[in-house]
Amino acid sequence: MINLIKGFAFTGFVLCGVGAAAAADLNVALIYGRSGPLEAYAKQTENGLRLGFEYATKGSMEVDGRKINIILKDDQSKPDLAKTALAEAYEDDNADIAIGTSSSAAAIAMLPVAEEHKKILIVEPAVADQITGDKWNRYIFRTGRNSSQDAISNAVAIGKAGVSVATLAQDYAFGRDGIAAFKEALAKTGATLAAEEYAPANTTDFTAPAQRLFDALKDKPGRKIIWVLWAGGVNPLDKLQDLDPGRYGIEISTGGNILSALAAYKRFPGMEGAAYYYYGLPNNPINDWFVTEHQKRFNGPPDMFTAGGFSAAMAVVAAVEKAKSTDSEKLIAAMEGMAFDTPKGQMIFRKEDHQALQSMYHFKIKVDPAVAWAIPELVRELKIEDMDIPIRNKH
């Protein structure tokens with residue numbers, strides 16, 4: 001499907017082929033990077049959203065007596081197109097609620113549009129802390145996890161008294177903000193932070209920062225871990241492993257990832273970290289249905305972004321059923337503090353910043369030659385109460 005659409009220049013047109021929606025429809029716009037660098041993530045989000053609506057409505061695709069009409073708009077992961085697409089969704093397509101988008105930069109550009117139109121935007125799957133931090137407004141809710149949830153869950157997973165940790169991250173806001181949250185959480189576990197290293201996002205030679213990390217850790221007693229926070233580009237895990245940290249008794253750790261990226265984790269049997277989602281980790285009837293149906297329809301298991309789309313759909317249905325309306329003020333009142341079910345279990349929209357508090361999963365990597373990717377096996381579910389996620393907005 002993705003290959004077929006690559007040749008078209010989508011700039012925010014409706015992709016669903018449906019004419020003007022009836023007034024009684026529940027119009028839900030999905031703004032996503034259907035073409036461009038994040039198209040694989042975007043397609044997962046769409047598949048998950050459709051499955052989520054199907055599950056939440058028991059197959060009727062109706063909520064509160066209204067037919068769900070999904071309006072698809074491609075922003076190519078570009079902030080200017082995302083902003084325009086959301087405005088068009090609210091103004092031209094009469095969207096009651098919007099969901100999106102794949103890119104954090106594009107999502108941040110959309111936030112003022114929701115406030116201007118006084119309409120709900122559910123952010124999924126963009127992770128930047130700013131979205132529910134200093135860029136937030138009261139019309140914004142997020143089902144996706146934020147960067148702090150990623151970092152803090154990993155700190156809780158690997159940190160304990162007697163453990164020494166050093167970090168490697170990209171030298172820009174994503175890396176520095178993530179490490180700041182990680183450090184704060186790590187300090188509460190009793191572990192010791194031995195060193196921090198930051199490298200440009202386009203780094204290909206990690207010899208110098210790796211040696212500084214090795215030097216900071218090699219003489220420490222007890223367990224010694226380098227935790228890596230990196231997105232895209234060169235894989236620093238392989239580069240670090242090539243330099244043989246094991247000769248100093250040093251382990252590598254990082255967070256979870258999509259299935260295609262987990263193939264690279266096969267080099268790290270026994271590695272521990274924390275993940276947002278892997279289809280084998282949650283144990284609940286919704287996830288069972290999700291995995292079975294996804295396998296049946298797409299000949300493979302659901303991935304991280306599929307789970308996110310499913311969760312966003314569940315949130316929409318729960319909110320409209322609770323509010324008995326799509327009036328924004330009634331929706332906000334219904335959604336603040338609202339608990340709703342997802343393939344990950346129950347999430348809760350925190351009243352102060354509308355961030356969905358949710359479980360994360362402490363994993364240990366198992367390698368099975370018969371499986372194309374490394375398998376994150378569950379060590380323990382990190383529940384909402386196990387993680388102290390800071391409120392970062394100034395409202």
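Brief remarks on what is shown
- Qualifying positions in the range 160-181 - in a helix (DSSP H, G or I) and small (Gly, Ala, Ser): 173, 175, 178, 180, 181
- Subset of the range 114-159 (residues that are acidic (Asp, Glu) and either within 15 Å of residue 349 (Cα to Cα) or in a helix (DSSP H, G or I) (or both)): 115, 116, 124, 129, 150
- Only one of the numbered conditions (1) in the same structural domain as residue 47 (by TED's automatic domain parsing); (2) among the acidic types (Asp, Glu); (3) more than 27 Å from residue 140 (Cα to Cα) is not met by residue 303, and that is (3).
- Cross-chain or 6+ apart pairs with Cβ under 9 Å, the range 129-155 first and without any contact (Cβ under 8 Å) to a residue 40 or more places away in the chain and closer than 22 Å to residue 319 by Cα, then of a type in the set (A, V, I, L, M, F, W, C) and surrounded by 24 or more Cβ atoms within 10 Å (Cβ to Cβ): 131/107; 131/123
- Those residues of the range 117-162 which are over 18 Å from residue 379 (Cβ atoms), surrounded by fewer than 22 Cβ atoms within 10 Å (Cβ to Cβ), among the charged types (D, E, K, R) and out of contact with any Phe, Trp or Tyr (no Cβ under 8 Å at 6 or more places or on another chain), in sequence order: 134, 135, 138
- Looking across the range 56-104, just one residue is touching a strand residue (DSSP E or B) at 6+ places or on another chain (Cβ under 8 Å), modelled with pLDDT under 95 and polar (S, T, N, Q), and that is 102.
- Residue list for the range 56-89, restricted to those being in a helix (DSSP H, G or I) and crowded, with 21+ Cβ neighbours inside 10 Å: 56, 81, 82, 85, 86, 89
- Residue list for the range 91-105, filter: closer than 21 Å to residue 67 by Cα, in contact (Cβ under 8 Å) with a residue 60 or more places away in the chain and assigned to a loop (DSSP other than H, G, I, E, B): 93, 94, 95, 96
- Every test in (1) within 17 Å of the chain's Cα centre (by Cα); (2) assigned by TED's automatic domain parsing to the domain that holds residue 119; (3) part of a helix (DSSP H, G or I) is passed by residue 262 save one, and that test is (2).
- Qualifying residue in the range 206-217 (condition: in a loop (DSSP other than H, G, I, E, B) and surrounded by fewer than 17 Cβ atoms within 10 Å (Cβ to Cβ)): no
- Residue pairs whose Cβ atoms lie under 7 Å apart, separated by 6 or more positions or on different chains, with the first residue in the range 283-306 and in contact (Cβ under 8 Å) with a residue 60 or more places away in the chain and the second in a loop (DSSP other than H, G, I, E, B) and surrounded by fewer than 23 Cβ atoms within 10 Å (Cβ to Cβ), are 294/301; 302/279; 303/258; 304/258.
- Verdict on residue 257 being buried (at least 18 other Cβ atoms within 10 Å of the Cβ), modelled with pLDDT under 95, under 29 Å from residue 378 (Cβ atoms) and not assigned by TED's automatic domain parsing to the domain that holds residue 128: yes
- Test for residue 255: is it over 25 Å from the mean Cα position of the chain (by Cα) and within 19 Å of residue 163 (Cβ to Cβ): no
The values are calculated or read from the model by the stated rules, or taken from the named source; none is laboratory data. Everything quoted here is computed from the prediction, not taken from an experiment. Note that we place each Cβ from the backbone using ideal geometry, even for glycine, and neighbour counts take in every protein chain shown.
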